[in-house]
Amino acid sequence: MTSSRIAGIPLGRGFTRLGVLLLAAAAPLSSQERSTWERRSAPTQVGPTVFHATQALNLPTAVTAGAGEFLFEISHRFVPAISADGTFLGLDGPVRYRLGLAYGISDRIMMGLTRSNLDDNLDLGARIRVLEGIAPLPFQVAVAGGMAWNKEVGGLAGSSTQYHGALIVNAGVGGRVALGVVPAVVANPLVRVDGEEALFSMGLLGQVYLTDMLSLVGEWTLTDESDALPYDPVSFSVEFETGGHFFRVGVTNSLRLNPSQYLAGAAQEFTGDELRLAFNISRVLAF
Amino acid sequence: MGRRSPRWGGWVLASIALLAPWMGAAQEYHVDLDAPRRVVFISSTTLDEFEGVTEAIDGFVLLDGQGLRETTAPGETELYFEVDLASLDTGIGLRNRHMRENYLEVEDHPFATFSGSLQGMTAHGAGFRVTARGAFSVHGVSRSTTISCDVTPREDRYAVACTFPVRLEDHDIEIPRIMFMKLAPEVRLELEFFLEPAGT
């Protein structure tokens, strides 16, 4: 017997055919294999977006400049009322202006130096975003504080120095609305009046984002009345947001731009005859 | 010694058949997460150029069991790569947010993916110039595309470098037409990473 048998089946040419069939059947197995790969990390989670900019016309938000970024700002408040004759809506001036430069020490900590030409007020401030989350609403919480020197009043000592601090609580509603409350305190609020006690205020801020670029902003800072500044600062503005800029133009009754100034109140009432044109431009700079 | 019996041929073929799943088993490579990785999109206009960078790329390559070579059978290969778009950093936080929220909409479409197979390989320098065809998906819109990569063996790994253009409107990504945000209609993608054998 020259050919072997398995289970009675003769091997030989038939077994060769069987081998070919097995080989043909086995070949596709390798190509049908599937990867063992599985995603090894979840998608990056970024913090919630509430307000887009670091400030409204006056009140701050919990937004800070990114780590390593500079934020340049120039703001104007035109002294003549919009209704004043012969001033081209107040644009002929004079103006109160503020120049500022802030720096993001980290994605949560920002320091800035701003100068207002009102009283030659030089303000060194810091803002730290301490908390944020998405439940039950997107929210961010920051603390801010600083000190200001009013060089035009008394040099760099004594009553010309002011201190201020604020808690900033922001929340978003429906992706298109941002709300903020800013309880704040200013020590030595009226640098030209001796013995003024610290003044507490409550800032209220709302912004409606109509498109990716365009939004409406309203803010109202409830302050204690004083003889010099008997009214609450109020403003409404339109904000344009672009790749690295925020541009705001609006109306306000406050000509006071730095925190130790606008938190103390306004000299004019928010009525039609007392409204002033205001604008801010801020630009993110990264090197 | 007599003539080889036909039954030996049968034994050989049967043995090969039984061993084939192991001998010719697909080789799987994963992106080496411990090695440098870099994914860059470059937007270049006459007024401005900026780039977004991330290292968050992952994925795999299945080969036909005999390594990468000029005769690698395209049908025996499979590729999949994905990039975590929320991790892209353009260097400006505000611009990052615009990219995430306004243009890429990463909350709904967190990954850009490429899924396909190798189409051709030619010797190129110390490695291969590889052409892959498949579906590139970003912003939830998938388009058939062909990409070209340089693949260089490095011991048991492969170094991969790919470049290909992406037209934003092909993926329904809005191109900002207002001042300052100078995003080009077509951006260039550059990918660099290593592949290592799966399980290492």
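The values are calculated or read from the model by the stated rules, or taken from the named source; none is laboratory data. Remember, it's a predicted structure, so these values are computed and weren't measured experimentally. Please note: Cβ atoms are built from the backbone with ideal geometry, for glycine as well, and neighbour counts cover all protein chains shown.
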Determine whether segment A:231-251 contains at least one residue that is under 30 Å from B:Gly93 (Cβ atoms), more than 14 Å from chain B (Cβ to nearest Cβ) and polar (S, T, N, Q).
yes
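Residue by residue, here is whether (1) without any contact (Cβ under 8 Å) to a residue 40 or more places away in the chain; (2) assigned to a strand (DSSP E or B); (3) more than 24 Å from A:Ile82 (Cβ to Cβ) holds:
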residue: A:Tyr163; (1), (2), (3): no, yes, yes
residue: A:Leu190; (1), (2), (3): no, no, yes
residue: A:Gly195; (1), (2), (3): yes, no, yes
residue: A:Gly203; (1), (2), (3): no, yes, no
residue: A:Leu216; (1), (2), (3): yes, yes, no
residue: A:Thr221; (1), (2), (3): no, yes, no
residue: A:Asp227; (1), (2), (3): yes, no, yes
residue: A:Val251; (1), (2), (3): no, yes, no
Residues (over 28 Å from the mean Cα position of the chain (by Cα) and among the hydroxyl-bearing types (Ser, Thr, Tyr)) located in segment A:65-99:
A:Ser83, A:Thr87
Residue satisfying condition, being within 14 Å of chain B (Cβ to nearest Cβ) and touching a strand residue (DSSP E or B) at 6+ places or on another chain (Cβ under 9 Å), within set A:Leu89, A:Leu71, A:Leu57
A:Leu71
Name the residue that is nearest to the chain's Cα centre (by Cα), counting only residues in segment B:78-98 that are within 15 Å of B:Leu195 (Cβ to Cβ) and facing chain A (nearest Cβ under 9 Å).
B:Tyr80
Please give the number of the condition A:Ala264 fails out of (1) in contact (Cβ under 8 Å) with a residue 60 or more places away in the chain; (2) in contact with a Gly (Cβ under 7 Å, 6 or more places away or on another chain).
(2)
Restricting segment A:90-111 to residues that are surrounded by 15 or more Cβ atoms within 10 Å (Cβ to Cβ) and within 30 Å of A:Thr271 (Cβ to Cβ), the residue that is modelled with the lowest pLDDT:
A:Gly90
Please pick out the residue among A:Ser159, A:Ser201 that is closer than 19 Å to A:Arg77 by Cβ and hydroxyl-bearing (Ser, Thr, Tyr).
A:Ser201
Given the condition of a type in the set (Val, Ile, Thr) and crowded, with 21+ Cβ neighbours inside 10 Å, answer yes or no: does some residue in segment B:133-141 qualify?
yes
Meets criteria (under 13 Å from the mean Cα position of the chain (by Cα), within 14 Å of another protein chain (Cβ to nearest Cβ), of a type in the set (A, V, I, L, M, F, W, C) and crowded, with 16+ Cβ neighbours inside 10 Å) for A:Ala62:
yes
How many residues of segment A:232-246 are modelled with pLDDT under 95 and either in contact with a helix residue (DSSP H, G or I) (Cβ under 8 Å, 6 or more places away or on another chain) or assigned to a strand (DSSP E or B) (or both)? The answer is 6
